[in-house]
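Undergrad: I have a structure I would like to understand better, so I am pasting it below and will then ask my questions one at a time.
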Amino acid sequence: MNSHRPRVVLTRRWPAAVESVLAEDFDVSINEHDIPFSEHGLRDALRSADVLCPTVTDSLDASLFDDPAVRVKLIANFGVGFNHIDVVAATGRDILVTNTPGVLTECTADLTMTLLLMTARRAGEGERELRAGEWSGWRPTHLLGTRVTGKTIGIIGAGRIGLATARRAHHGFGMKVMLYNRSKVAADVMAELGAECCDLESLLSRADFVSLHCPSTPETRHLINAERLSAMQPHAILINTARGDVVDESALVEALKNRAIGGAGLDVFEREPQVFRGLMALPKVVLLPHMGSGTEETRVAMGLCAVDNIRAFFASRPPPDRVDAIQP
Ligand code: 8YV
């Protein structure tokens, strides 16, 4: 082994094919047991590696960068969301941060539609009933869901994944699309989707399905709170494949119990891997374990995207996916 090769620490196991590609050029330290690093483990890695490759399960807060012994020069995140990394603190230590945008767009949008369909058509309830041996046979009134085709979807956050979801909803299911975004959406995209841009209140009061696609920032924390849930229609369904803390989970449980909204499909949670207890008991909620980007193809592509960023960095080229702190 060439000891001059940059040292890259992976905090979790990556698809084997990508670990091998990385090992061609770098001295890679693999987390054999795939158990999340403790704070101490992260501190050690920041001191001993040239590149740290974290995931959403690693919290890299400012205190970790406030350490004179930090050696890392690049944080190549495995994932597009980087709310678990204090980018301002990292940048303050001359550490560059990159992510893996683009490659997970389609699969995450696919999973958004999976959750939407499962929730609307009560697929989780049906599967649980059948597996429990409780299906007594077909009847006209059994497990009636709500129609998806032709309904209105409100997309909060019209970035790559939000728009990919809107395309599926509009072209695949003839849905009317409402968009709420902090910056203007291009006119040709609006035309393609037959979409309407609107304020949050109008989206919440008119959409049959509300799907969250904004990043987690201090400004979007609990964006969907008790007041906004009560602004939704009583039959409306909330879908979250973005980040758990965009929704106040305790307010969501109350809204579901009080029938202020009709259901929820969630792939992300405020305190992963813990799931707010009240949610588990609600049948009209579909719960998935943060698997939006979870396909073989996409996880390999995410790893290769991180490898591209690391290679560019050591070839003194600007890494293609450098991130800056999201401006409020
Ligand atoms: C990833 C995600 O699997 O990329 C993201 O932001 O939420 C997921 O699709 C996860 O973040 C990996 O770190």
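The values are calculated or read from the model by the stated rules, or taken from the named source; none is laboratory data. What you see is a predicted model; the values in this text were computed from it and never measured. Positions of Cβ are generated from backbone atoms using ideal geometry, with glycine treated the same way; all protein chains shown enter the neighbour counts. In case anyone asks, the SASA skips ligands and DNA or RNA and just uses the protein heavy atoms, side chains included. Shrake-Rupley method; radii C 1.70, N 1.55, O 1.52, S 1.80 Å.
Undergrad: Net charge near residue 279, counting Lys/Arg +1 and Asp/Glu -1 over other residues with Cβ under 14 Å of its Cβ?
TA: Net of charged neighbours comes to -2.
Undergrad: For helix 39-48, report the angle its Cα long axis makes with the longest principal axis of the Cα atoms of the chain; keep it between 0 and 90° and round to the nearest 10°.
TA: 40
Undergrad: Just need the relative contact order of the chain here, percent rounded to a whole number, with Cα pairs under 8 Å and 6+ apart.
TA: It rounds to 17 percent for the chain.
Undergrad: Sort 111, 203 from largest to smallest accessible area, using a 1.4 Å probe on the heavy atoms of the protein chains.
TA: 111, 203
Undergrad: Using the heavy atoms of the protein chains and a 1.4 angstrom probe, tell me the accessible area per residue for the chain in square angstrom.
TA: The answer is 48 Å² per residue.
Undergrad: Rounded, prolate or oblate: which fits the range 162-302 when a ≥ b ≥ c are the square roots of the eigenvalues of the alpha-carbon gyration tensor, with rounded for a/c under 1.5 and prolate only if a/b beats b/c?
TA: oblate
Undergrad: In the range 232-269, which residues have a backbone nitrogen under 17 Å from the label point lying 7 Å from residue 281's Cα in the Cα-to-Cβ direction?
TA: 249-260
Undergrad: I'd like to know which of 40, 273, 85 lies farthest towards the positive end of the charge dipole of the chain, counting +1 on Cβ of Lys and Arg and -1 on Cβ of Asp and Glu.
TA: Checking the options against the dipole of the chain, the answer is 273.
Undergrad: Separate question: If DNA, RNA and ligands are ignored and the probe is 1.4 Å, what is the ranking of 97, 189 by accessible area, most exposed first?
TA: 189, 97
Undergrad: What is the Cα convex hull volume of the range 275-328 when expressed per residue in Å³?
TA: 144
Undergrad: Taking the chain on its own, what percent of its Cα-Cα pair distances exceed 27 Å?
TA: Cα-Cα pairs of the chain separated by over 27 Å account for 49 percent.
Undergrad: Setting aside same-chain residues fewer than 8 positions from residue 151, which aspartates and glutamates have a Cα under 15 Å from its Cα?
TA: 196, 208
Undergrad: State to the nearest 20 debye the size of the charge dipole of the chain about its Cα centre, where the only charges are +1 on K and R beta carbons and -1 on D and E beta carbons.
TA: So the dipole magnitude of the chain works out to roughly 800 debye.
Undergrad: Okay, next question. Show 135, 14 ordered by accessible area, largest first, where the area counts protein heavy atoms only and the probe is 1.4 Å.
TA: From most exposed to least exposed: 135, 14.
Undergrad: Right, here's the next one. Residue 80: accessible area at probe 1.4 Å, nearest 10 Å²?
TA: 50
Undergrad: So, one more: Any idea what the relative contact order of the range 73-198 is, in percent, if you count C-alpha pairs under 8 Å spaced at least 6 apart?
TA: After rounding, I find 19 percent.
Undergrad: Hey, got the dipole for the range 186-272? About the Cα centre, +1 on K and R Cβ, -1 on D and E Cβ, debye to the nearest 20?
TA: With Lys and Arg at +1 and Asp and Glu at -1, about 300 debye.
Undergrad: Compute the relative contact order of the range 1-136 as a whole-number percentage, counting only Cα pairs closer than 8 Å that sit 6 or more residues apart in sequence.
TA: After rounding, I find 18 percent.
Undergrad: Could you state how much accessible area residue 227 has, in square angstrom rounded to the nearest 10, with a 1.4 Å probe and all protein chains kept in place?
TA: 140
Undergrad: Relative to the longest principal axis of the C-alpha atoms of the chain, give the angle of the C-alpha long axis of helix 105-120, reported between 0 and 90° and rounded to the nearest 10°.
TA: The angle comes out near 30 degrees.
Undergrad: To the nearest 10 square angstrom, what accessible area does residue 250 show with a 1.4 Å probe?
TA: Accessible area, nearest 10 Å²: 60 Å².
Undergrad: Could you check how much of the accessible area of the chain is carbon and sulfur, as a whole percent, using a 1.4 Å probe?
TA: It is 53 percent, rounded to a whole number.
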